Amino acid sequence: MTVMATFLGRQAEHDEISALLDLHPVVTLVGPGGIGKTRLATELTTSGAAAFDGGLLFSLLSGVADPDDNGDLVAGQHGFGEIDAMRMRQSEAPKHVVNDKCENVLRQASDVAAELVDDGAITVLATSRAPLQLYGERIYVVDPLELPRDDAPATVREAASARLFLERAEAAGARWPISDD
């Protein structure tokens with residue numbers, strides 16, 4: 001079971017991406033590994049702010065064994081035999097698809113996204129280390145969390161990056177007294 005960290009320091013990005021999803025058929029969150037793309041996508045889909053009405057499909061592409069089958073993998077994760085069946089049975093299909101970790105199968109993820117948004121009924125939110133390079137794709141670069149503006153203890157404690165570091169360290173079992181020193 002994966003436990004999600006507290007959502008810290010990304011409310012502005014959350015709101016921007018939510019608005020982009022209303023305007024573009026494909027929005028791709030791009031950035032280096034570990035920057036927070038998946039966490040941001042997860043928060044967007046669970047917060048309700050992105051208006052994911054009509055159903056949502058969250059597909060993890062990191063485990064794709066045969067890159068040529070990822071379209072059917074996306075469909076199969078939610079009870080459709082193949083990608084074409086998912087598109088054709090739109091009353092049962094989700095209106096929003098999140099394809100996570102597309103960099104593992106970039107060309108195929110691009111093809112799948114293009115197929116899904118072809119008739120305008122499905123919106124795709126993708127996370128990747130590189131853009132899908134699709135017509136109509138809106139690329140959103142996910143930057144690192146801001147660092148504290150100075151080394152004053154109070155400033156460091158308030159910074160989202162420091163709070164996330166402490167949260168992750170404690171979750172990993174670190175036990176040390178936190179002090180101004």
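The values are calculated or read from the model by the stated rules, or taken from the named source; none is laboratory data. It should be emphasised that the depicted structure is a prediction, and the values quoted were computed from it without experimental measurement. Cβ: placed from backbone, ideal geometry, glycine included. Neighbour counts: every protein chain shown. Remember, those area values only see protein heavy atoms, side chains included, never the ligands or the DNA or RNA. Shrake-Rupley method; radii C 1.70, N 1.55, O 1.52, S 1.80 Å.
Computed values, structure above
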{"read-out": "Under Karplus coefficients 6.51, -1.76 and 1.60, residue-wise ³J(HN,Hα) of the stretch 27-44 in Hz, glycine/proline x", "value": "10, 10, 7, 10, x, x, x, x, 6, x, 5, 5, 4, 5, 4, 5, 5, 4"}
{"read-out": "Accessible area, probe 1.4 Å, largest first, for residues SER47, SER59, SER161", "value": "SER47, SER161, SER59"}
{"read-out": "Burial ranking of peptide ranges 104-117, 127-140, 165-178, 145-158 (average Cβ count within 10 Å, highest at the top)", "value": "104-117, 127-140, 145-158, 165-178"}
{"read-out": "In nm, spacing of pseudo-spin labels at LEU23 and ARG107 (7 Å Cα→C-beta vector)", "value": "3.3"}
{"read-out": "Estimated FRET transfer efficiency when R0 is 30 angstrom, pair ASP181-ALA130 (beta carbons, to 0.05)", "value": "0.10"}
{"read-out": "Column: log10 I(q)/I(0), Debye, Cα scatterers of the stretch 140-181, q = 0.18 Å⁻¹", "value": "-0.58"}
{"read-out": "Overall dimensions of the stretch 112-154 as given by Cα atoms, namely Rg and Dmax in Å", "value": "17.3, 54"}
